[in-house]
Amino acid sequence: MTTHGTAPDGTPPDGTTPNDANRDDVIRDDTDVPWRALDPRTIAVHCGWMAAPLASLALTALATGGHLGDRAWITLAVIAASFACVTVAGLIGWSRTRYRVTADSFELRSGLFVRRLRAIPLHRVRNVDLTANPVQRLFGLVVLRAGTTGATGGRDGLTLEALTRPAAERLRAELLARAGGGDAADEPVLSTGDPRWLRYAPLTFWVFGGVFAAVGAVWRVLDDLGVQPWRIGIVRRAFEQFGHSALWLTVPLALLAVAAVGSVGALAVYAENWWRYRLEWADAGTLRVRRGLLTTRSVSIERTRLRGAVLREPMLLRAAGGATVRAVAGGLGNSEENRARSTVLPPAPRAEALRVLTGVLAPPGAVPPPGAQAPPGVAPVGEALFDRPELVRHPRAALRRRFARGMAWAVAPVTAALVVLGALLSLPVLLYCAGGFLLLATPVAYALARDAYRALGHGLPDGPDGHLLIRSGTFSRDTVALARTAVLAWTFTDTPMARRAGVTTATAAVAAGEEGYRIPDMAAGEAAAFAHAATPGILDEFLAW
């Protein structure tokens, strides 16, 4: 982030001289470029936050039959006062906020008592994203954020709230063109949403946990408003009927009802996040993802910032033949922002995921249209890397370590708890339950450990200038393809138990994505040689030849 201006004598405040005008990182002050204003409807959008407290107040009135207590009236008064304050603040903020695009920079000026002038050089703009929540869409507005990569690896940039969609589209095209995005690409649209993909939604959403979290949130809101949820008639009657019925029948029915409600919620979340999904190369150097039903989102990723891709296959989704795809790219923010913005394909058929991987990882001009064959001499990157990869198997010690961890962290604690409770309470039935759990859980733990072991692998499948491939996981099996030139460093980690087993964990450090990708429990004697083969030169001073 750069703040600039001039002193009264014309000398820049940072001490630069006229000779610095030719430097790449100095922003020139183009006083002839006019400032632009935000859309005045931004003021109305700022009041959208009041929907939640007003809805809570309406819910309170419904639950109490219209009899509002003193706390509810105080809440209403606070909402009215807040509305007046937000409206005045929004009007002042809108009148004092201006932006412009000069020959070298994107600038934003704001503030009343403390004036702020922020600017970013155009050549550092990494992506330009557009988002719009339901309130903004109602007014035809979007939020534009021009992102850069800061010195600490975090995401920096300027945000405009809010512009009309046509104005935002024009500004994004202007920023990307001046930042060197290039002309429109000849490559096709990589993928578009299919309503049939909704069948994968319940396989990735936390069905039971989502229902309980929603019920807990409503319960807490009612409690904060002074409403006792257990005294609401429908809630009280439901608990009474549940307690007086046969548990062997009501418990399965309750679980079935929770699963049904959770599945409906999963479908709704999937539709809200991925409706009208479209993945395309917006120009020769920008990958763009558009999606969203109520809140629309548009995320741009520079081709030069792409470091690879991840094929993610959670257990249930893998069983149904589905997968998701994430891009390994820089400039997408911190770890939380990166996880939210790096997904380039929602849960979809695995064949579609492989085709998207081909489009994301292939060089320019090598992406065939949907349903077409790749050009002669161009390997189908996604299928070659992810479908049937030739990976190096890990030693059998990795299987033993996974089985031991499963027994130590899952089977043994539950068994011990049942045994202790049975002994303290003198309940032999708990001792029988402990024995039964141990007999049933042990083969399950071994099956999961074996599946995790079979997933382990690493390799260099496509030559010295290609990708480094890493695969691991059972509950969520991830296959990572990293550009070998993107690996900046290697870290080798082991424990006393790992040294006894002859294995080590290697981590490839990358300035993108998760910033480090682990190869767990590979043979200790092969780790350094593999890292040297993947990235020649990095480990030369540490190897003894």
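The values are calculated or read from the model by the stated rules, or taken from the named source; none is laboratory data. Quantities reported herein were computed from a predicted structural model and do not represent experimental measurements. Virtual Cβ from ideal backbone geometry, glycine too; neighbours counted across all protein chains shown. The area values use the complete protein model at the heavy-atom level, side chains included, leaving out ligands, DNA and RNA. Shrake-Rupley method; radii C 1.70, N 1.55, O 1.52, S 1.80 Å.
Got at least one residue in the range 223-233 being small (Gly, Ala, Ser), touching a helix residue (DSSP H, G or I) at 6+ places or on another chain (Cβ under 7 Å) and at pLDDT below 70? Checking the range 223-233: at least one residue is small (Gly, Ala, Ser), touching a helix residue (DSSP H, G or I) at 6+ places or on another chain (Cβ under 7 Å) and at pLDDT below 70.
The one condition from (1) open to solvent by less than 50 Å² (accessible area, probe 1.4 Å); (2) in contact (Cβ under 8 Å) with a residue 40 or more places away in the chain; (3) among the hydroxyl-bearing types (Ser, Thr, Tyr); (4) more than 30 Å from Ala534 (Cβ to Cβ) that Tyr453 does not meet is (4). Among the residues making up the range 248-301, a single one is acidic (Asp, Glu) and in a helix (DSSP H, G or I): Glu272.
Residues that are over 19 Å from Gly331 (Cβ atoms), open to solvent by less than 40 Å² (accessible area, probe 1.4 Å) and at pLDDT below 85 do occur in the range 167-185, at least one of them.
Between Leu431, Leu448, Leu421, the distinction of being touching a helix residue (DSSP H, G or I) at 6+ places or on another chain (Cβ under 7 Å), surrounded by 14 or more Cβ atoms within 10 Å (Cβ to Cβ), free of Cβ contacts under 8 Å to residues at least 12 places away in the same chain and among the aliphatic types (A, V, I, L, M) belongs to Leu421 only. Please determine whether any residue of the range 329-350 is open to solvent by 20 Å² or more (accessible area, probe 1.4 Å), at pLDDT 90 or above and more than 16 Å from the chain's Cα centre (by Cα). Yes: one or more hits. Of everything listed in (1) free of Cβ contacts under 8 Å to residues at least 60 places away in the same chain; (2) in contact with a Lys or Arg (Cβ under 6 Å, 6 or more places away or on another chain); (3) open to solvent by 10 Å² or more (accessible area, probe 1.4 Å), the single unmet condition for Asp478 is (1). Here the condition is being at pLDDT 90 or above and not β-branched (Val, Ile, Thr); of Ala398, Ala374, Ala379, it holds for Ala398 alone.
Among the residues of the range 97-118, those identified as out of contact with any Pro (no Cβ under 7 Å at 6 or more places or on another chain), surrounded by 14 or more Cβ atoms within 10 Å (Cβ to Cβ) and assigned to a loop (DSSP other than H, G, I, E, B) are Thr97, Thr102.
Condition first: outside any strand (DSSP E or B) and surrounded by fewer than 17 Cβ atoms within 10 Å (Cβ to Cβ). Now tell me which residues in the range 495-513 satisfy that. Please lay out each step first, then the result.
The initial filter retains those residues of the range 495-513 that are outside any strand (DSSP E or B), namely 495-502, 511-513.
Selection gives Thr495, Pro496, Met497, Arg499, Arg500, Gly502, Ala511.
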